[in-house]
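Step one of this worksheet: look at the structure below.
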Amino acid sequence: MTISTAHTGKPLPILIDCDPGHDDMVAIMTAYVATDIDLRGITTVAGNQTGEKTFLNARRILSLLKADDVPLARGCDVPLVRPLHIAENIHGDSGLDGADLPEPREAYSSLHAVDFIADQLSRSDTPLTLVPTGPLTNIALFIRRYPELLSRIERIVLMGGGVSESNVTPAAEFNIFVDPEAADIVFRSGLPLTMVGLDVTNRAMLNLDDIASLQASDGPVSHIVGDLLAFFAGTYKKVFGMAGAALHDALAVAVAAAPDIVTARDLHVAVETKGDHTVGRTVADLYGVTGNAPNASVAMDIDTNRFRSLMFSVFSELDTRCR
Ligand code: BDR
Ligand code: CA
């Protein structure tokens, strides 16, 4: 299955940097099955849960998918300068509560995520797209540590921030809030950047009927995804009053392969690192009042039907492969 409707040529080579996390899991699944994506590797970072737990979850997801061919490396356990703030209220004690996943895959890279990203970029014959779906700690460290490799990055398509929406404080989205100093480095890097923020990802939803139908499925992956998303939807109801599961991170992967699943505007975005009430805010200059040149393509609207049917294609393709 492809994500793009007009795909020709080679699949898009990407690296995912994530903190699984329910929606990170679906992001990995999407990249793994889409034939217009070439998933070159996965790195993990602390965010939704501790670095130990997000890494363990990534290894469990790769076991579930029988994805022996996808390299994995563990990254930073803490943000650049702040203590870690986790999202246990959303993703649970394990970071992936709601179902029992298989035993973790044994194989992983001995490299730190930052060096793993450098290694992949150096060895690739074409530039790679980075898709960060957690706090930007690994990506910022990579930018500082390996300036000579930045030209090997095609684009960064990140899940984070919001123009007018927030979730962890009244001002900030979780991934940016957890490591605003890292996000600041990324947004100032001058690299081609796409921001897939809450304005669109809060609408990248599976509703409660969708989730119930996954739970009722006899597909080995759909069934387990249904149970995991039922837990996730439960916390979304409790914390945000939303009815369903917002698959933020999966949308970032989809946008990397098919930018037309959203409509976007080129804007200047600054990251607030100092405010008393606004740390982690992505300050988007909608009207050009700062005079700063745009540094990001910012997703503003989403084709929700297309996203929802994409998710069902991903799960059904995985059911076929993993039966
Ligand atoms: C982001 O925060 C995390 O909880 C999710 O995995 C997603 O990356 C949404 O704000
Ligand atoms: Ca995430």
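The values are calculated or read from the model by the stated rules, or taken from the named source; none is laboratory data. It should be emphasised that the depicted structure is a prediction, and the values quoted were computed from it without experimental measurement. Please note: Cβ atoms are built from the backbone with ideal geometry, for glycine as well, and neighbour counts cover all protein chains shown. Areas reflect the complete protein model, heavy atoms only, side chains present, ligands, DNA and RNA absent. Shrake-Rupley method; radii C 1.70, N 1.55, O 1.52, S 1.80 Å.
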Among the residues of the range 181-232, what is the count of those that are of a type in the set (A, V, I, L, M), open to solvent by less than 10 Å² (accessible area, probe 1.4 Å) and part of a helix (DSSP H, G or I)?
11
Report the residue count in the range 246-260 for those that are in contact with a strand residue (DSSP E or B) (Cβ under 6 Å, 6 or more places away or on another chain), closer than 14 Å to Thr304 by Cα and within 11 Å of ligand 1 (Cβ to nearest atom).
4
Among the candidates Asp260, Asp249, which residue alone is part of a helix (DSSP H, G or I), under 30 Å from Ala296 (Cβ atoms), of a type in the set (Asp, Glu) and open to solvent by less than 20 Å² (accessible area, probe 1.4 Å)?
Asp249
If you go through the range 41-48 one residue at a time, do you hit one that is assigned to a loop (DSSP other than H, G, I, E, B), open to solvent by less than 10 Å² (accessible area, probe 1.4 Å), away from ligand 2 (no atom under 16 Å from the Cβ) and touching a residue at least 40 places away in the same chain (Cβ under 8 Å)?
no
Scan the range 4-35 for residues that are of a type in the set (A, V, I, L, M, F, W, C) and more than 16 Å from ligand 2 (Cβ to nearest atom) and jot them down.
Ala6, Leu12, Val33, Ala34
Among the residues of the range 276-287, is there at least one that is of a type in the set (A, V, I, L, M), farther than 29 Å from Pro180 by Cβ, at pLDDT 95 or above and surrounded by 19 or more Cβ atoms within 10 Å (Cβ to Cβ)?
no
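Residues checked against (1) part of a strand (DSSP E or B); (2) within 14 Å of ligand 2 (Cβ to nearest atom); (3) surrounded by fewer than 17 Cβ atoms within 10 Å (Cβ to Cβ):
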{"site": "His85", "(1), (2), (3)": "no, yes, yes"}
{"site": "Ile117", "(1), (2), (3)": "no, no, no"}
{"site": "Gln120", "(1), (2), (3)": "no, no, no"}
{"site": "Arg144", "(1), (2), (3)": "no, no, yes"}
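Conditions tested, residue by residue: (1) away from ligand 2 (no atom under 13 Å from the Cβ); (2) open to solvent by 30 Å² or more (accessible area, probe 1.4 Å); (3) without any contact (Cβ under 8 Å) to a residue 40 or more places away in the chain.
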site: Thr2; (1), (2), (3): yes, yes, no
site: Ile37; (1), (2), (3): yes, no, no
site: Glu52; (1), (2), (3): yes, yes, yes
site: Ala67; (1), (2), (3): yes, no, yes
site: Pro71; (1), (2), (3): yes, yes, no
site: Val78; (1), (2), (3): yes, yes, no
site: Ile90; (1), (2), (3): no, no, no
site: Ser94; (1), (2), (3): yes, yes, no
Of all residues in the range 302-318 being in a helix (DSSP H, G or I) and of a type in the set (A, V, I, L, M), the one that is farthest from Leu208 (Cα to Cα)
Leu318
I'd like the residue in the range 6-28 that is out of contact with any strand residue (DSSP E or B) (no Cβ under 8 Å at 6 or more places or on another chain) and part of a loop (DSSP other than H, G, I, E, B) and, out of all such residues, is nearest to ligand 1 (Cβ to nearest atom).
Gly21
Would you be able to say whether some residue in the range 292-309 is touching a residue at least 40 places away in the same chain (Cβ under 8 Å), over 23 Å from the mean Cα position of the chain (by Cα) and open to solvent by 20 Å² or more (accessible area, probe 1.4 Å)?
no
